[in-house]
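The values are calculated or read from the model by the stated rules, or taken from the named source; none is laboratory data. Just so we're clear, the structure is a prediction, and the values are computed from it rather than from any experiment. Here Cβ is always computed from backbone atoms with ideal geometry, including for glycine, and neighbour counts include all displayed protein chains.
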Amino acid sequence: MRSSNLLVVVVALAACAAATAQTSPYQNIGRPATAEEIQAWDISVSPAGKELPPGKGTAKEGAPIYAAKCAVCHGRTMEEAGPLGPALVAKKGGNLRGTIAAWPYATTIWDFINRAMPRFNEGTLKADQVYALTAFLLYRSGIIKEDDVMDAKSVTELQMPYRNAYVPSDLAEIGNIKKRGCYLGHCPGPNPTAAH
């Protein structure tokens, strides 16, 4: 029995050695990426929005884009889930959880649309179309007016309704009641500024 186990080990080592001997050293294959190629892939936008490109759009401009490129997945009204996507807007008096209004930053909405939409054609929207779609979603969520222009400045400065419902990225700010995970004026834990 021991000799058969030894034989299996020897055969396995021989097979590994043979495979390693046939592996090429991969020299002179490929090339370093150019600055332009790296820039083309560097499309993430932070909550601060410093990476947002020039462009602008309104909800009026976004409505036909939504109808043409988004409604097939997210539904015509955005209030019900479509066949391939979730509901984007809460029904009147409905729960905002999971909808666009619950996102903490408008820049994140812009970034997600830019990188991941429309499904199966990701990255095909122009910056103006992404601003217009962002404006349309924010308008339908009751956050902005239909004629409000969304651009790099306004998207960055927009205060989302749930902005303070999240734990701050800098945990040292948890003591600051204005930066703690608060919702509708209710903040978790004791008020650190209250006298004891």
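Just the residues that are hydrophobic (A, V, I, L, M, F, W, C) and in a loop (DSSP other than H, G, I, E, B), please, taken from the stretch 52-83.
Initially, the stretch 52-83 is screened for residues hydrophobic (A, V, I, L, M, F, W, C), giving 52, 59, 63, 65, 67-68, 70-73, 78, 81.
Hits for the stretch 52-83 are 52, 70, 78, 81.
Criterion first (in the same structural domain as residue 127 (by TED's automatic domain parsing), assigned to a loop (DSSP other than H, G, I, E, B), surrounded by 12 or more Cβ atoms within 10 Å (Cβ to Cβ) and at pLDDT below 90) does residue 49 satisfy it?
Judged against the criteria, residue 49 is not a match.
If you go through the stretch 15-40 one residue at a time, how many are at pLDDT 80 or above, loosely packed, with under 10 Cβ neighbours inside 10 Å and in a helix (DSSP H, G or I)?
Going through the stretch 15-40 one residue at a time, the tally reaches 2.
Which residues, counting only those in the stretch 110-132, are part of a helix (DSSP H, G or I), touching a helix residue (DSSP H, G or I) at 6+ places or on another chain (Cβ under 6 Å) and either within 15 Å of residue 87 (Cα to Cα) or not aliphatic (A, V, I, L, M) (or both)?
Listed by number, the residues that qualify are 110, 113, 114, 129.
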